[in-house]
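The structure under discussion appears below in the form of structure tokens.
The values are calculated or read from the model by the stated rules, or taken from the named source; none is laboratory data. As the structure is a computational prediction, the values presented were derived from the model and not from experiment. Note: ideal-geometry Cβ built from the backbone for every residue, glycine included; neighbour counts use all protein chains shown.
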Amino acid sequence: MKLLNKRGLRSMLLGAVALAMPMSLQAQDFAGETIEWTIPFGVGGGTDVWARFFAPQLSEALPGNPTVVVLNVPGGGSITGANQFAMRASDDGLSILGTSASTQYPAILGDPRVRYDYADWTAVLASPTGGVVYIDPKYGVTGPQDIEKLRAEEIRFASQGATALEMPVLLAFKMMGLNIKAVFGMESRGAGRLAFERGEAGIDFQTSSAFMSSVRPLVDGGKAVPLFSLGVVDAEGNVARDPSFPDMPTFVEFYEQATGAKPEGEAFEAWKALMLAGFSLQKMLVLPKDAPAEVIAAYGEAAKTIVEAPDFRERAGEELGDYDQLVGAEADAALKEALTVDPAIREFLTNWLAEDYGVKM
Amino acid sequence: MFDIALSALGQVMSGGHLLFLVLGVCVGLVVGILPGLGGIAGMSILLPFLYGMDTASALGMLIGMVAVIPTGDTFTSVMMGIPGSSASQATVLDGFPMAKRGEAARALSAAFTSSLMGGVIGAVVLSFAIVMARPLVLSFSSAELFMLTIFGLSMVAVLSGRSLTKGIAAAGIGLVIGSIGTAPATGEARMTLGIDYLYDGVPLVVVAMGLFALPEVIDLLKRGTAISENTGLGGGWGKGVRDVLRHPWLVARCASLGCVIGALPGLGGAVVDWIAYSHVVQTSRDKSQFGKGDVRGVIAPESANNACQGGALIPTLLFGVPGSGSMAVFLGGMVLLGIQPGVTMVETQLDLTYTIIWSLALANVVGAGMCVMLARPVARLTQVPFVYLAPFMVMIAMFAAFQASRSMADLVALILMGGVGIYMRRFGWPRPALLIGFVLAPGAENYLYQAVQFYDWAWVMRPGVIIIALITVVSVFLGLRFGAEISSEGESDTADQQTRGRQLAFAGVLFLVAAYCVFEAAQLSFLAMIFPLTIGILALIASLAVILRIRSGRVAEIHDDDASLTVAGKSSGREKYLAVFAGLVALIWLIGFFPAMVVFFPTFLIVAGKARPLTAAAMTAGAVGFIGLITWAMTLRLPEGLLGQMLF
């Protein structure tokens, strides 16, 4: 039996050589350098796995093939690690950070524990994701035409927390005037799905990869009915169909058909802001803005090389899905847009969280 | 199904797969032996190599690592009284007294043989259960899981020793400490004193190390001998193996228990060892030796904790929801290999599923085999004068505690918990009870809250809830009837009636902690308040009862193993050693971990151990080199020190 394929062997050898090499030979091309990639989450979580997928490729694609090590700094739902990075990161391109929706949302909401500022960072790679809302068939709801049935029932939704990844989903429920009772404290989205499968929760939401691997069988078995995908929101605020679910209406379409009007107003603006920061840019690789321009450019190029490799899609598999990865200036422009939230929108969000869920910022 | 299972077996046994599995086992044993690291650290060593490996070999390597962590951690539990990981906490109760009695080799080999059998039973159960476990996992809702945490808490009845009141108070304080941090329902901060560190709660490693490791180190230093009280190694490993073979049904029962509990996502391995331990206590006829070195007290938790890993694979593979902490990491590894766990994978890639199951069985055999061979040589360490081992253990404890959240506050919390630990030991408060309360607090609150939200109060009438409640009642009854002889805190001193003032003072401190919890809880919103308020009042009443009983001179509550010395106006030196360790933490804060160890090691060895300078230098170099190597290999971080940050 073949132990390792060629690429695996090569990357292992490369790793071994890189580990054995002495410090810095030529700083400008990263040869012999070690890049420390701070991940503000524990080992094995979504963002960690994402980083560990990219780390060896980043090492290969950056000039001079530096060693890339992942440093996990979990705590405070990623606030601890991001704060630490903001305080200590060097701006020579050897310190980089991986962020996720739970790093972005507290920054948008003005959580007092946040001591980092996205304005100090520049993004070189951003991985979007999407998600699907589905419902227990016992409610007899199959699409937007059944909105009255949907509104009539009190339906439970198992969630990690009001300010977690589910925030735009909760807001979407509110915009449609549904009577959703959120049960917080789930350890993960997976735990929420278990609650749905047990029949404890009547409505649920999963990100794209989890929907495909774990909810599709339920849909096929008649145990779940998909309602809408969240769609893909771009930096201009346009909402397009999710490439992973081209046949499924987006939330915006669903809303329009159910209520007869396009969504608008502060709530919709807030929803788009949350979608952009939490889904379109769900996971981001950022480095301090003060890094030399050529370093930032090198990272942008490396990210481009990685995602444009012919076999990238195949290797990325279901976890990254069919979404177009944003790289270089494109990623950074989206970041600027996502994290520049109108104070009125912020106020709307904090008021809503305080009124409906008693969350104080 | 069988042909797939067989062909998977063939693949598992092939050379390449076997090689990577053994590699994984070796990594798992090393991180298992080092307390406080566990599967998460092991995974971070292996994950960088996964990229590009073929799937079966990579899975073998990951499973090899995960499977043997509850095997390797037995070394520290038995030999040093330090719970290596949450899965080996109960092993300490009887394993460590055996080591002190000079039977370390016997205890270790009994533990490893039970681990092996438990692990294999777990794999066998898994291979059948995986295709039909779905309804079982789904039948445990938040309500049943809440009842299971209550069942776990009922173990306090067995583990309280002479005084149930003290046990309840200790468990109450554990629950209070466990609910520090963010409220699950509302996200409000509770009892954080405005300290950022406490927002995430106190890490388990810190609590376990503080409660068990530091007091044991200090007690052994105080005694001034080797760990073992006599020189023989006590019959060696053959005796331990025979011990296990004499109790086949005990192994089978505890392994099944481990499997089922492991399969319930959310509860995980944290309490399985305690449940197995109290099971063996309740079902044994002769209970006089439990807590003093009964080999069955080692066999039960060790057969359960390895089987638990097999059980924990069920929700991981079937639902993509991890059954325990190390399974969460394993799940991440699978995703990195491009496998999406879930029912789709189990049904369409059955070969992969069976590769995992067979790897699990094989890893248990390989891992336990290696450990049995190591048992005898490693057991010799119990013959070494303890003063030479102590600095090493303190270093490991601090290293492990710091990895919990990589904050100096971890070390401060370690010293504080160490203070709690030494006085609990001195005044006969059952530390296991506090630990159980601490471990179960978040689960109890979270599941109760969820159960009420999902079912209102109808959850009480669910059949599963009623069944578990009945089991709990029976278990409490048996525990109260038979548990009184089991003491985790050793014997009291004859003069203990004369130091009642000090005993009262310590109980008073715990009373104040409970009062603070009630006071804090009263200011929160309803959902965040209800749980801390309830447990705070429970702890308040129980500690008040202890105070009243000590005052009235009731024998069961009075305990002080330092009484004679105190009466004579002398100190046993516990506070002195704790102060030394606190000083070490201050030094680490000032000059960083490595320089502080370079200062601490030789100083301690020469001053306390009367070692020759050359020996001290060699031991320092060895210890610091070892930690440096581990830190480098696992890309961990250690405190850098204030001075270093200011200079550079």
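Observations on the model:
- Among residues of segment A:133-145, those that are modelled with pLDDT under 95 and surrounded by 17 or more Cβ atoms within 10 Å (Cβ to Cβ), counted: 2
- Those residues of segment A:204-214 which are over 14 Å from the mean Cα position of the chain (by Cα), surrounded by fewer than 24 Cβ atoms within 10 Å (Cβ to Cβ) and more than 7 Å from chain B (Cβ to nearest Cβ), in sequence order: A:MET212
- Selection over segment B:384-429 of residues that are among the small types (Gly, Ala, Ser) and touching an Asp or Glu at 6+ places or on another chain (Cβ under 6 Å) gives a count of 3.
- The residue that is farthest from the other protein chains (Cβ to nearest Cβ), among those in segment A:174-183 that are under 13 Å from A:PHE157 (Cα atoms) and free of Cβ contacts under 8 Å to residues at least 40 places away in the same chain, is A:LEU178.
- The listed residues are B:VAL207, B:VAL202, and the only one of them that is among the β-branched types (Val, Ile, Thr), in a helix (DSSP H, G or I) and touching a helix residue (DSSP H, G or I) at 6+ places or on another chain (Cβ under 8 Å) turns out to be B:VAL207.
- Unmet requirement for A:VAL169, which otherwise passes all of (1) within 14 Å of chain B (Cβ to nearest Cβ); (2) within 23 Å of B:ALA183 (Cβ to Cβ); (3) touching a residue at least 40 places away in the same chain (Cβ under 8 Å): (1)
- Verdict on B:LEU93 being modelled with pLDDT of 85 or more, within 19 Å of B:LEU360 (Cβ to Cβ) and surrounded by 24 or more Cβ atoms within 10 Å (Cβ to Cβ): no
- So A:GLY321, is it out of contact with any strand residue (DSSP E or B) (no Cβ under 7 Å at 6 or more places or on another chain), under 16 Å from A:THR129 (Cα atoms) and without any contact (Cβ under 8 Å) to a residue 40 or more places away in the chain: no
- Taking the numbered list (1) within 30 Å of B:ALA110 (Cβ to Cβ); (2) in a loop (DSSP other than H, G, I, E, B) in turn, B:PRO341 passes all entries but (1).
- Meets criteria (under 17 Å from B:GLY81 (Cα atoms) and in contact with a Gly (Cβ under 7 Å, 6 or more places away or on another chain)) for B:LEU434: yes
- If you go through segment B:108-156 and keep only what is assigned to a loop (DSSP other than H, G, I, E, B) and either of a type in the set (Ser, Thr, Tyr) or on the phi > 0 side of the Ramachandran plot (or both), you end up with just B:SER141.
- Looking only at segment B:42-76, and only at residues there that are more than 10 Å from every other protein chain (Cβ to nearest Cβ) and touching an Asp or Glu at 6+ places or on another chain (Cβ under 9 Å), the one that is nearest to B:ASN305 (Cα to Cα): B:PRO70
- Positions within segment A:121-143 being in contact with an Asp or Glu (Cβ under 8 Å, 6 or more places away or on another chain) and part of a helix (DSSP H, G or I), in sequence order: A:TYR139
- Scan of segment B:96-120 for residues that are buried (at least 24 other Cβ atoms within 10 Å of the Cβ) and among the aliphatic types (A, V, I, L, M), ordered by number: B:MET98, B:ALA99, B:ALA104, B:ALA105, B:ALA107, B:LEU108, B:ALA110, B:ALA111, B:LEU116, B:MET117
- In segment B:519-559, residue modelled with the lowest pLDDT [restricted to those that are out of contact with any Lys or Arg (no Cβ under 6 Å at 6 or more places or on another chain), under 30 Å from B:ILE180 (Cβ atoms) and not in a helix (DSSP H, G or I)]: B:SER525
- Boolean, A:LEU353 is within 22 Å of A:GLY46 (Cα to Cα) and either assigned by TED's automatic domain parsing to the domain that holds A:GLY161 or touching a residue at least 12 places away in the same chain (Cβ under 8 Å) (or both): no
- Applying the criterion of being of a type in the set (Gly, Ala, Ser) and either more than 8 Å from chain B (Cβ to nearest Cβ) or under 18 Å from A:PRO168 (Cα atoms) (or both) to the residues of segment A:191-200, the residue that is nearest to the chain's Cα centre (by Cα) is A:GLY192.
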